1. Do we find that ASP289 is open to solvent by 10 Å² or more (accessible area, probe 1.4 Å), modelled with pLDDT of 95 or more and in a strand (DSSP E or B) in this structure?
2. Search the range 314-359 for residues being modelled with pLDDT under 95 and open to solvent by 70 Å² or more (accessible area, probe 1.4 Å), and hand back the single one that is farthest from ASN294 (Cα to Cα).
3. Within the range 229-240, is there a residue that is within 18 Å of ASN131 (Cβ to Cβ), among the hydroxyl-bearing types (Ser, Thr, Tyr) and surrounded by fewer than 23 Cβ atoms within 10 Å (Cβ to Cβ)?
4. Just checking, which of GLY272, GLY187 is in contact with a strand residue (DSSP E or B) (Cβ under 9 Å, 6 or more places away or on another chain), closer than 30 Å to LEU350 by Cβ and of a type outside the set (D, E, K, R)?
5. It is to be established whether one or more residues within the range 250-267 are open to solvent by less than 10 Å² (accessible area, probe 1.4 Å), touching an Asp or Glu at 6+ places or on another chain (Cβ under 6 Å) and under 21 Å from ILE336 (Cα atoms).
6. State all residues of the range 344-368 that are assigned to a strand (DSSP E or B) and closer than 18 Å to ILE325 by Cα; if no residue qualifies, say none.
7. Just to be sure I understand, how many residues within the range 342-364 are at positive phi and either hydroxyl-bearing (Ser, Thr, Tyr) or touching an Asp or Glu at 6+ places or on another chain (Cβ under 9 Å) (or both)?
8. Take LYS198 and decide whether it is outside any loop (DSSP other than H, G, I, E, B) and crowded, with 18+ Cβ neighbours inside 10 Å.
Amino acid sequence: MGMTERVGVLILYVALVYHVGAAKKVMPVAGPDIYKNKNLDQDILLPGEKINNVISFGAKANGKFDCTQAFMDAWRATCHSKVQARLLVPEGTFVLSSMFFAGPCSTPEPVTIQVVGTIAATTDLSEYENNEWLFFEDMDGIKIIGGGTFDGVGKESWKTATDCKADPSATCIRNPSSIYFHRIKNGIIQNVTSTNPKGFHIFVTNCANIRLRRLNLTAPDDSPNTDGIHISQSIDVEVARNTIETGDDCIAMLHGCHQVSINNVSCGPGHGISIGSLGKVEEELEVKDIQVKNVSMVGTENGVRIKTWPDRYAVNASNITFSDITMQNVKNPIVIDQEYQCSSKCKASLVKIKDVVFSNIKGTTTSPIAVDLRCSSKFPCESINLENIGLSLNSKPTGSRCVNIKPIYKGLQNPPGCL
């Protein structure tokens, strides 16, 4: 073997080793929750806190000028400040291309981005090299607040969007998310609006101690892949008091979601609240300790759903509760689908689902099958509880379907449980 061939083999070997190592997924370490037991509704300017107005750094609020460089300069001044500081986006419309808000930051307390006006995205997708719009990374303590709006200006991009959820490959390229949290601890997004994103409204991954509160997320019901809140590989995420009207899942929880609490959310239009799809790629992390309660759904494609790919990869999902949910004209109210994206002759899913509770779920459906539980023939669902279910089809009775599962029933059951 010649020297050139040896070097080529060595490079290939190193690349393969790096690829295998990179595929290994681990959960983030939560650390102290600095927001626990604190009143998060009030925004109080700290003594000596410096305000960096983006206009002072050259931004123009005319809806035309590209303010990306001005925002970058304002962010660096804010993040690297040795005294407490905040970045202020005042009234007006500021055009912004794809941008990194990179940490860590030097401020004594969590850095604040106060958005009062509107931040509007550029429309040229070739500018989004990192496949996200506003990318926040490597920070311990950040607050995005202010009552303003993030406008993804996504309408044109929807025409060429790829449905990555239905694509069985792991190489699908989705449209940019509007707000992307990666390796963030102690992060808050509160009291802002996201409208017409190119992709997801908010994507949280590899994060810990996250609060998503008082959000208004809107997009047309036919906008593709516009999940409201998309969470993966994160621990201690609280989602509360949000209104979500969008074209895909109101909230989606993928692999590695631990200790996620969803409370007091209005969903619809949209595709409901989903766990999964799970088992799509290798090295997925288990999903556990999920609580969804006090949710209203109107006209959604699905209600509450767990979905897994058949015959792909193994992962566990357990200790999941959906409770106190009202539904109005929801197509598929209660679903466990372990045959996701498979129309016939499905091979068994390798995902194990157990300890799931559906409780106090009531309202109306547009489907003759209101409770649809299709589990894996290789790993049947275990300890699935249905308590006080009341779902009607325009005052007509509805039905249940159960495959590879023996549900545990308590209280009212409408539709009647599976025999």
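The values are calculated or read from the model by the stated rules, or taken from the named source; none is laboratory data. In this text the structure is predicted, and so the values were computed from the model without any measurement. Glycine gets a Cβ as well: all are built from the backbone with ideal geometry, and neighbour counts include every protein chain shown. All accessible areas refer to the heavy atoms of the entire protein, side chains included, with ligands and DNA or RNA removed. Shrake-Rupley method; radii C 1.70, N 1.55, O 1.52, S 1.80 Å.
1. On the way: open to solvent by 10 Å² or more (accessible area, probe 1.4 Å): yes; modelled with pLDDT of 95 or more: yes; in a strand (DSSP E or B): yes.
Here the answer is yes, as ASP289 does meet what is asked.
2. The extreme case among them is LYS345.
3. Yes.
4. Working: GLY187 fails: closer than 30 Å to LEU350 by Cβ.
Of the residues listed, the single one that is in contact with a strand residue (DSSP E or B) (Cβ under 9 Å, 6 or more places away or on another chain), closer than 30 Å to LEU350 by Cβ and of a type outside the set (D, E, K, R) is GLY272.
5. Step one: of the range 250-267, the residues open to solvent by less than 10 Å² (accessible area, probe 1.4 Å) are 250-253, 256-257, 260, 262, 265, 267.
Of the ones still in play, those that are also touching an Asp or Glu at 6+ places or on another chain (Cβ under 6 Å) are 252.
Still in the list and also under 21 Å from ILE336 (Cα atoms): 252.
Yes - at least one qualifying residue is present in the range 250-267.
6. Just the residues of the range 344-368 that are assigned to a strand (DSSP E or B), to begin with: 351-365.
Answer for the range 344-368, where residues must be assigned to a strand (DSSP E or B) and closer than 18 Å to ILE325 by Cα: VAL356, VAL357, PHE358, SER359, ASN360, ILE361, LYS362, GLY363, THR364, THR365.
7. From the range 342-364, those at positive phi are 345, 355, 360, 363; that's our starting set.
The next check asks that each one be either hydroxyl-bearing (Ser, Thr, Tyr) or touching an Asp or Glu at 6+ places or on another chain (Cβ under 9 Å) (or both); those that pass are 355, 360.
Summing the residues that are at positive phi and either hydroxyl-bearing (Ser, Thr, Tyr) or touching an Asp or Glu at 6+ places or on another chain (Cβ under 9 Å) (or both) in the range 342-364 gives 2.
8. Working: outside any loop (DSSP other than H, G, I, E, B): no; crowded, with 18+ Cβ neighbours inside 10 Å: yes.
Taking the combined requirement at face value, the residue does not satisfy it.
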